[in-house]
Amino acid sequence: MQKWFIILFLLLLSACADSSIELHKQFQNNDQLTVLDKKTKLMWAASDNRSNLTWQEAADYCTSYTGAGYQDWRMPNASELSALFEAGIQKDGEMIRVTGERIWASETEDSRGAFCHFLRSGCSTGEKVMSITMRALPV
């Protein structure tokens, strides 16, 4: 019984290591301030804003962000955020620090704004005044 447990543990550990290796192939961490996605050629802030924001607050945060000395940051669209979790970026994961469950995206429709859910790996819309677990991640 113990041999099977050890083999299973090693297989799971190997799968995690393979996932980490793939992340490091696609993403390049630049001094903990920015992360380059080599596949999409987008540069991301290495962390979200770490607090709850409405859609407008998130948009303002992204456009006024000056991380790593750059001035041309913006709010990502849902497709760009989807590419992150499809590549393996997760809430509280490595490479890009996502501290909330949801990251606001740039698309809007009337009083609703788009967001992507990093625990469920999907995107949706919500009232732009909603702030619970909503974060901003400049790109």
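The values are calculated or read from the model by the stated rules, or taken from the named source; none is laboratory data. Since this is a predicted model, take the numbers as computed values, not measurements. All Cβ positions, glycine included, derive from the backbone under ideal geometry; neighbour counts span all protein chains shown. For the accessible areas, the whole protein counts, side chains as well, though only heavy atoms, and no ligand, DNA or RNA atoms are used. Shrake-Rupley method; radii C 1.70, N 1.55, O 1.52, S 1.80 Å.
For region 62-91, backbone nitrogen atoms closer than 13 Å to the point 7 Å from THR133 Cα along Cα-to-C-beta are found at 91. Taking a straight Cα-Cα cut-off under 13 Å and skipping sequence neighbours fewer than 8 places away in the same chain, the aspartates and glutamates within cross-link reach of LYS91 are ASP48, GLU101. A Förster distance of 30 Å, applied to the separation of the beta-carbon atoms of SER111 and LYS25, puts the FRET efficiency at 0.15. Packing around the peptides 53-60, 116-123, 66-73, taken as the average count of other Cβ atoms within 10 Å per residue, puts them in this order, highest first: 53-60, 116-123, 66-73. Solvent-accessible surface (1.4 Å probe) assigned to VAL98 amounts to roughly 0 Å².
In whole angstrom, region 20-104 maps to an equivalent ellipsoid with semi-axes of 20, 15, 12, each derived as √(5λ) from the alpha carbon gyration tensor and ordered largest first.
Each residue of region 86-97 was assigned a 3J(HN,Hα) from its phi angle through the Karplus expression (A = 6.51, B = -1.76, C = 1.60, θ = phi - 60°), giving 5, 7, x, 6, 10, 4, 6, x, 9, 6, 10, 7 Hz with x at Gly and Pro.
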